[in-house]
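S.K.: For reference, the structure I am asking about is given below.
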Amino acid sequence: MTTLHVTGGTPLRGEVHVRGAKNFVSKAMVASLLGETTSTLRDVPDISDVQIVRGLLELHGVRVENGVDGQLRMDPSHVETARVADIDAHAGASRIPVLLCGPLVHRLGRAFIPDLGGCRIGDRPINYHLDVLRQFGASVEKLPSGIEISAARRLRGTKLDLPYPSVGTTEQVLLTAVRAEGITELRGAAVEPEILDLIAVLQKMGAIISVDTDRVIRIEGVETLAGYEHRALPDRIEAASWGAAALATGGDVYVRGAAQEDMMTFLNVFRKIGGAFDIDDEGIRFFHPGLPLRSIALETDVHPGFMTDWQQPIVVALTQAEGLSIVHETVYENRLGFTHALRRMGATIQTYRECLGSTPCRFGAMDFRHSAAISGPTPLRAAEIEVPDLRGGFSHLIAALAATGTSVVHGVELIDRGYEHFGDKLAGLGAKVEREEREEPEKLVVV
Ligand code: EPU
């Protein structure tokens, strides 16, 4: 258990550098399994999710080496079946093993998925993944220890229509279809920038993939693929998180590496709230211009909508805006749980089961508090907090930085999954933070 002591009240000022996107890098690492030769990925961040995927690849016989400045070389020439117990022990906190299925079935005829982890932001089932693998001709068998996927012959291309534009399932289809026999047509695909960058990687490896404007992706299967060399696209979630932190603390942060084209929806919202930004070729400067912030009505959505992963950091900034803001979370049913801690810190936030947005979503008829009304501005005060999930946890740090007093934030190792060296970066921006590693979790005192 790692605890961060955060003394708030100091506006964040300075520069941070954002490297490759967590939600692309992990998938590009999996793609290396499909090649006959070594792949090289650049700008890989030093985060614990990368270590988990690296471990999984190594368990399957891939030789992984670090180069200078975030370079990762992956040699898949000796791919082998891993021991079920090892995969289970290693994968604990990650959902990545499900994406290894297609590549491993192509290479070895079988794959195994343990019980999957990931952030506690909803049920996070893998039914779409298993359905598409079956449609490629794989057999899916549920065992007490997990799920075994196997195929006696080469997987076959197929016509697929997703019930929801799921990011992971679209990646599953891409990683499976590229080496399947014949053509795969995927309707209702997710088209996030991280997915388009994965398609770029696969094309470098020898795949034939076309993307239409209507969420249709066509893949012509090929027999073999080679390794790739690629620089990862920047992490637009981390970039937006620093932007929200600058705004909530009344600060001024230059995010080197932030790319406008992948963040346009975030930038529109940031401007509507009253935040300011300057864009140049190397990054984006986010700052609070000194005028009162404005409330907003916001709905999360798949790309090109407002990302669900931007929702939590921006909610913290909205606690400092004048008037009533409405946030409707339509991607995950349970991504507003982090607001409990914000309420303890003095924020005025109500959550609702109803869809408080212009578009009713699939959670409207269910028992999930997936809409929020945030009334501001409210001064925030320090609290003792336990990190609930990656983005919620970083958002708690932002709240602690904007608050008066010293907050004690437990379980920040979850934040290490996706925010590279965030403690050093915070200190570099003038934040007063102290990291404390503990052997045993201590009892929480709720204030
Ligand atoms: N869903 C199903 N069945 C499935 C798969 C998904 O019902 O088999 C549902 C999910 O429960 C969710 C919705 O579909 O309600 C969307 O899930 P999606 O598959 O798009 O998400 P994911 O691939 O599991 C990735 C990112 C998330 C990010 C989402 C949405 C990774 C490793 N994770 O998750 O990132 O929020 O896409 O953009 O790429 C994070 O970085 O903190 C994070 C949670």
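S.K.: Out of all the residues in segment 132-145, is one or more part of a strand (DSSP E or B), open to solvent by 10 Å² or more (accessible area, probe 1.4 Å) and touching a residue at least 24 places away in the same chain (Cβ under 8 Å)?
M.R.: No, segment 132-145 has no match at all.
S.K.: What residue, of I349, I296, I314, is farther than 20 Å from A400 by Cβ and out of contact with any His (no Cβ under 8 Å at 6 or more places or on another chain)?
M.R.: I296
S.K.: Wholly within segment 17-107, which strands (runs of 3 or more DSSP E) include no fewer than the required count, namely at least 3 residues that are touching a residue at least 24 places away in the same chain (Cβ under 8 Å)?
M.R.: 39-42, 72-75
S.K.: What number of residues in segment 314-364 are in contact with a strand residue (DSSP E or B) (Cβ under 8 Å, 6 or more places away or on another chain), away from the ligand (no atom under 16 Å from the Cβ) and of a type outside the set (K, R)?
M.R.: So the count comes out to 24.
S.K.: So, one more: Could you look through segment 331-356, keep only residues that are in contact with a helix residue (DSSP H, G or I) (Cβ under 9 Å, 6 or more places away or on another chain) and aliphatic (A, V, I, L, M), and pick out the one that is most open to solvent (accessible area, probe 1.4 Å)?
M.R.: V331
S.K.: Can you name the residue in segment 255-307 that is within 16 Å of the ligand (Cβ to nearest atom), hydrophobic (A, V, I, L, M, F, W, C) and part of a loop (DSSP other than H, G, I, E, B) and is also nearest to the chain's Cα centre (by Cα) among such residues?
M.R.: M307
S.K.: Can I ask one more? Of the residues that sit in segment 133-181 and are in contact with a Gly (Cβ under 7 Å, 6 or more places away or on another chain) and among the β-branched types (V, I, T), which one is nearest to the ligand (Cβ to nearest atom)?
M.R.: Only one residue tops the list, namely T176.
S.K.: Where residues in segment 374-392 are under 30 Å from D49 (Cβ atoms) and either out of contact with any helix residue (DSSP H, G or I) (no Cβ under 7 Å at 6 or more places or on another chain) or within 15 Å of the ligand (Cβ to nearest atom) (or both), which of them is most open to solvent (accessible area, probe 1.4 Å)?
M.R.: E386
S.K.: Within segment 393-415, which residues are away from the ligand (no atom under 16 Å from the Cβ) and at negative phi?
M.R.: Listed by number, the residues that qualify are A399, A400, L401, A402, A403, T404, T406, S407, V408, V409, H410.
S.K.: Go through S358, S375, S395 for me and flag whichever is touching a residue at least 40 places away in the same chain (Cβ under 8 Å) and more than 30 Å from L426 (Cα to Cα).
M.R.: From the options S358, S375, S395, the qualifying one is S358.
S.K.: What residue, of S371, S395, is under 23 Å from L12 (Cβ atoms), open to solvent by less than 10 Å² (accessible area, probe 1.4 Å) and under 26 Å from the mean Cα position of the chain (by Cα)?
M.R.: Just a single option satisfies the conditions, and that option is S395.
S.K.: Out of (1) open to solvent by less than 20 Å² (accessible area, probe 1.4 Å); (2) among the hydroxyl-bearing types (S, T, Y); (3) farther than 23 Å from G243 by Cβ, what's the single condition that is false for T359?
M.R.: Going through (1) open to solvent by less than 20 Å² (accessible area, probe 1.4 Å); (2) among the hydroxyl-bearing types (S, T, Y); (3) farther than 23 Å from G243 by Cβ one by one, T359 breaks only (1).
The values are calculated or read from the model by the stated rules, or taken from the named source; none is laboratory data. This is a predicted model, so every value here is computed, not measured. All Cβ positions, glycine included, derive from the backbone under ideal geometry; neighbour counts span all protein chains shown. When the accessible area is computed, the model is the full protein with side chains, heavy atoms only, and any ligands, DNA or RNA have been set aside. Shrake-Rupley method; radii C 1.70, N 1.55, O 1.52, S 1.80 Å.
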